[in-house]
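One structure below.
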Amino acid sequence: MTEDMFVPDWTKEPPAPGSYRSIVKIGRPDQIKVPSHQYFHLIQKELKLDKKYFEDRCDGNQRLGSVPASNLDAGAIEAFIGMVGSENVQADDYNRVKYSYGKLPEETFPLKRGKLHEITGAAVHPRDKEDVKKIVAFCNDNKIPIYVWGGGSGTTKALLPEKGGITLVLNTHMNRVLEVNELNSTSRVQAGCMGPQYEDALNNAPERFKTIHRFTGGHFPQSWELSSVGGWVVTSGSGQASTYYGEPVNLVLSVEVVTPRGVINTIDYPSTATGPRVMDMFKGSEGAFGVVVELTLKVFRYMPENRLYYSYIFPTWHKAIDAAREICQGQFGLPAVLRVSDAEETDHAFQMYPQKPAVEWFLGAFGLKRGERSICMGVIEGDSDFTKLVKRKMNRIAKSYGGLSIGSSGAKTWEKERYFSFLIGETISDYNILMDTVETPVRWDNLHHIHDSVLAYAHSVPGTMCISHASHFYPYGTNLYFIFGIKGSVEDYVAYRTGLVDAMVRAGGTPSHHHGVGRLMNQWMESFLGKEEMDALRAMKKHFDPNNIMNPGGTLGLDMPDSIKR
Ligand SMILES: Cc1cc2nc3c(=O)[nH]c(=O)nc-3n(C[C@H](O)[C@H](O)[C@H](O)COP(=O)(O)OP(=O)(O)OC[C@H]3O[C@@H](n4cnc5c(N)ncnc54)[C@H](O)[C@@H]3O)c2cc1C
């Protein structure tokens, strides 16, 4: 077999029960994605991987080894059993490990190889908010740390039980949509409700809640199947359709939060001029102030029959971004999904989905050259008059910036793959290849400077790859999303990722647009926010959680050693 034809022996079977792989697996056990030949050879070329590199492999299918003892005493476990029943307290090794991990490669890569970080004392599954109140009060009295688990999809080490204690798992029982209020266009939902359960209830509101219309929640992160409604809000997440629907922090009308200080239950008015909004303090709070147990959210009419897809190719990334800005500032309405790939990401797409020579010739004749051209694609949703108007206006703007409309198939392919494409990352990580992402909000006036600065750093490190796109648009700017890959050890990956975030922040970006802070971006918090804003966060923490039992150990940059700060 020549180097060119070489294909590694990918793991295509579901993880072995009881194995490390079964814990690090993202999505359903049978959801496995291997790279296409084209994509694999692209990775091989960019990361400079010869056949020999693939001799070292770890699939993580070995059974869990020994696990450090818990710091919870037997009396505490008995107390939790008394509160929620023995069937809802898991203190066995497998579940303790399972509920101690999020989905960041820095955590999952070593775990697959049998190396553990701190492990929770027990996973406790409250049945309802009354259970949560009892548990929080007990933990506060006994100074037992609580780590709140929504869907477990976080990628910032925010679930890492740095101080032991318990992990409070919300998506086991507290996962129902309680009400769809058609008159107010709102839903009332338990915080542990997962994306598909939430959307299913809204789409089927006539059958489930006797409404006239069907509804959608409008929030579709790539991790939609893996994450909870409460998690979306407390991490300040953003979904793929955020350009039209907005972000979860803007979709919330009220929250009920159980804090060690007491219960806060805000009222779901569309707006109120009653001073600073305490509810807003829990947006982005990442389990450090209290447990969000219920939320009232805005919902939207569900009209999939009016959905319109579009794809354009622009001569350059700059022209594509100019067109996207014009679209966002045109005040004729926004598309739900809008994505613009830079030249390198566009080239990757063409290599993954090679076109016939005639198509390449045709694109070249239009001045859409390899290495320069930029794909823009997305989806428009809403009333049918609205979607048609937006598409007509977008076509006109795209044309004026040299964009060629290439129909709907690009956007449809993207949509089909959107909840699975990342699974390639876990397949190739068996072979010491780590893939991950970093993102930052940008204004129009610093977008290109940040983009170029981050890529200058990215390309200065040999044996790595990094591509970028803009997604989540606003009239005032957008988000730059960098997807990177590196071969080697977890230390190499951490150093590379840190360099990318340093470059992003130095150029004027922030450490995160939508993945949150956790124990990953905490290093940049104080230098990014400044002392006064950090002092305000510290004061809130002290108020809501005087004994520091909620997600202690560095999350949000709150209680961490100065030596970690950048
Ligand atoms: C493959 C993949 C793709 C992703 N794509 C996106 C994306 O497109 N957009 C995006 O925004 N994010 C994305 N993420 C990141 C992640 O899915 C989000 O941060 C998500 O909002 C986390 O929700 P969760 O319910 O899984 O929270 P968890 O991971 O369970 O928890 C995250 C943090 O929130 C706290 N928390 C969770 N629920 C509560 C609650 N009810 N009360 C108090 N604290 C709570 C936890 O303690 C922790 O600090 C992606 C992650 C993966 C693995």
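With respect to P17, determine if the residue is more than 23 Å from the chain's Cα centre (by Cα), under 24 Å from V169 (Cβ atoms), not assigned by TED's automatic domain parsing to the domain that holds G164 and not polar (S, T, N, Q). Yes: the conditions hold for P17.
Consider region 491-542 and keep the residues that are within 16 Å of the ligand (Cβ to nearest atom), among the aliphatic types (A, V, I, L, M) and outside any helix (DSSP H, G or I). The one that is surrounded by the fewest Cβ atoms within 10 Å (Cβ to Cβ) is M521.
If V359 satisfies all but one of (1) β-branched (V, I, T); (2) crowded, with 16+ Cβ neighbours inside 10 Å; (3) at pLDDT below 95, what's the number of the condition it fails? Against the list (1) β-branched (V, I, T); (2) crowded, with 16+ Cβ neighbours inside 10 Å; (3) at pLDDT below 95, V359 comes up short only on (2). Taking region 179-195 as the range and being part of a loop (DSSP other than H, G, I, E, B) and either within 12 Å of the ligand (Cβ to nearest atom) or on the phi > 0 side of the Ramachandran plot (or both) as the test, the residues that pass are S185, A191, G192, C193.
Table: residues versus (1) modelled with pLDDT of 95 or more; (2) buried (at least 17 other Cβ atoms within 10 Å of the Cβ).
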position: Y401; (1), (2): yes, yes
position: S421; (1), (2): no, no
position: V442; (1), (2): yes, yes
position: D445; (1), (2): yes, no
position: H448; (1), (2): yes, no
position: V454; (1), (2): yes, yes
position: H459; (1), (2): yes, no
position: H469; (1), (2): yes, yes
position: H472; (1), (2): yes, yes
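Taking the numbered list (1) outside the structural domain of Y310 (by TED's automatic domain parsing); (2) surrounded by fewer than 17 Cβ atoms within 10 Å (Cβ to Cβ) in turn, D385 passes all entries but (1). Could we say that P276 is free of Cβ contacts under 8 Å to residues at least 12 places away in the same chain and more than 28 Å from E182 (Cα to Cα) here? It is true that P276 is free of Cβ contacts under 8 Å to residues at least 12 places away in the same chain and more than 28 Å from E182 (Cα to Cα).
Given the residues S341, S271, which is the only one that is over 25 Å from the mean Cα position of the chain (by Cα), small (G, A, S) and more than 15 Å from the ligand (Cβ to nearest atom)? Only one candidate passes the filter, namely S271. Scanning region 365-378 for residues that are without any contact (Cβ under 8 Å) to a residue 60 or more places away in the chain and within 24 Å of A324 (Cβ to Cβ) gives F366, G367, L368, K369, R370, G371, E372. Collect the residues in region 145-178 that are on the phi < 0 side of the Ramachandran plot, in a loop (DSSP other than H, G, I, E, B), touching a strand residue (DSSP E or B) at 6+ places or on another chain (Cβ under 7 Å) and crowded, with 24+ Cβ neighbours inside 10 Å, keeping them in residue-number order. G150, G151, L159, P161, L170, M174 - these are the residues of region 145-178 that are on the phi < 0 side of the Ramachandran plot, in a loop (DSSP other than H, G, I, E, B), touching a strand residue (DSSP E or B) at 6+ places or on another chain (Cβ under 7 Å) and crowded, with 24+ Cβ neighbours inside 10 Å. Restricting attention to region 1-31, the residues that are of a type in the set (A, V, I, L, M) and either farther than 27 Å from F350 by Cβ or at pLDDT 95 or above (or both) total 4.
Against the test of being hydrophobic (A, V, I, L, M, F, W, C), under 30 Å from T346 (Cα atoms) and within 28 Å of the chain's Cα centre (by Cα), the options L47, L64 yield a single qualifying residue, L47.
The set of residues in region 196-248 being part of a helix (DSSP H, G or I), away from the ligand (no atom under 16 Å from the Cβ) and of a type outside the set (S, T, N, Q) consists of D200, A201, L202, A205, P206, E207, R208, F209. Checking Y101, Y94 one by one, the residue that is in contact with a Leu (Cβ under 7 Å, 6 or more places away or on another chain) and within 16 Å of the ligand (Cβ to nearest atom) is Y101 and no other. Provide a single number: the residues in region 464-490 that are under 21 Å from A323 (Cβ atoms) and not in a strand (DSSP E or B). Qualifying residue count for the region: 2.
The values are calculated or read from the model by the stated rules, or taken from the named source; none is laboratory data. Please read these numbers as outputs of a predicted model, since none were measured by experiment. For neighbour counting, all protein chains shown are included, and Cβ atoms are generated from backbone atoms with ideal geometry for every residue, glycine included.
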